[in-house]
Amino acid sequence: MLCSRKMFNFFVRKDVRKILKRKDSDAGERGKALEDLRASLYNELRTSEGAKRQQQRVCGPTVALSFNFLVAVGIILMNKLVLGKVGFNYPIFLTFIHYALSWFLMAILNAFSLLPASPPSKSTPFSSLLALGTVMSVSTGLANVSLKYNSVGFYQMAKIAVTPTIVLAEFVFFGKRVSCQKVLALAIVCVGVAVATVTDLQFHFFGACVALAWIIPSAVNKILWSNLQQQENWTALALMWKTTPITLFFLVTLMPWLDPPGFLSFNWSFSNTTAIILSAVFGFLLQWSGALALGATSATTHVVLGQFKTCVILLGGFILFGSNPGSTSLCGAIIALAGMSVYTYLNLANPKHLSNKSSPIKAPFSLAKSKLSKENGTRDESCGAESV
């Protein structure tokens, strides 16, 4: 009894009460700090501007390009495995499975409120999203058809024509100029890739026609992805969420024209199904990493990265599919790497290029501010005229 009374008197003392109050206040401040942090993270994802800043902070150009490089090498070899050794001869339906799985994964993220917010519908017309979804379905579908009928080397050879197509299209439609040094570097890259892939040009006539038809949609697809992210507050996942249903619809319309009948009679064994699902997972990662890379850099830089993948893809084709790269291919790869090094050096040495990369994101805000200042200026002038 005496002990309990002493304990009560100890806790009643003023200095002890001050310590307990201080601990309670510290705990309250920590809880408030955690709530503020949670609210700030929630606001970052709930607004398109905050989600865009978060993407730029976490995934810069180096991370995005490295991520896209690893995934792109994996999916080309994986798709070649599925279309070749597995015998799944339905490239458009395979693309449909890729985008269906992508939409399913993004729907899960959306259900848990982890999908970044999209910009207001007024900022981006639906026609732009429709064009991107349509071009994306055509570009990805034709790429898989080209891989089915042609060798990996011929597929990379067709990608060479995408580079001048992008440069020409950006100059015609957006007035974007490329310096002579960069044009020379890009020409060296194209020549090197052409020499590197000249020994692996196994193609089918129909596959060659598909590869030629794939060039323009591929270039337009990259340009649209890059411009929508850099000129608007679109993040990669938000833009994928909006355009994937459109892509799925157009892929369904392409199936009767480019796929042979009878995909339901395919041998859906455990190993074959596992390979197709892994290919679909790579497809989602490729779409996401490609969108991140295009948002962080430019369409031309993304194509140069694709040419850099050629060396790794040729090596993978030699190991997995029996391709035999000789000394000519090695010399071409060295030439291509030299051109890529020069192009990268020119980009890093030009500070204006880096400032132009960040300016399109701020362009809508500066444009709105300029319009607002003009309106305020005209109102002030009219008020001044009335007062006079």
**OP:** Can you pull the one-decimal nm distance between simple spin-label points at residue 168 and residue 184, each 7 Å off the Cα toward Cβ?
**Re:** 2.3
Subject >> Long-range tail of P(r) for segment 190-284 (Cα pairs > 21 Å, %) >> reply: 59
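Carbon and sulfur together cover what percent of the accessible area of segment 80-184 at a 1.4 Å probe radius? Walk me through the intermediate numbers first.
Working: 3360 of 4720 Å².
Using a 1.4 Å probe with all protein chains present, segment 80-184 comes out at 71 percent carbon and sulfur.
Which pairs break 27 Å Cα to Cα here: 148/242; 52/148; 80/222; 52/80; 122/309?
On the way: 148/242 29 Å; 52/148 37 Å; 80/222 23 Å; 52/80 35 Å; 122/309 38 Å.
Long pairs (Cα-Cα over 27 Å): 148/242; 52/148; 52/80; 122/309.
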**OP:** Output the direction-averaged projected area (hull surface divided by four) of the convex hull of the alpha-carbon atoms of segment 215-257, in nm².
**Re:** 3.5
Subject >> Karplus (6.51, -1.76, 1.60) ³J(HN,Hα), θ = phi - 60°, over segment 226-241, in Hz, Gly and Pro reported as x >> reply: 5, 5, 5, 7, 8, 9, 10, 8, 8, 9, 5, 5, 5, 5, 5, 5
Subject >> Ratio Rg/Rh [Cα only; Rh per Kirkwood] for segment 166-242 >> reply: 1.06
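The values are calculated or read from the model by the stated rules, or taken from the named source; none is laboratory data. Worth saying up front: this structure is predicted, and the values here are computed from it rather than measured. Here the Cβ is made from the backbone with ideal geometry for all residues, glycine too, and neighbour counts use every protein chain on show. Only protein heavy atoms, including side chains, enter the accessible area calculation; ligands, DNA and RNA are left aside. Shrake-Rupley method; radii C 1.70, N 1.55, O 1.52, S 1.80 Å.
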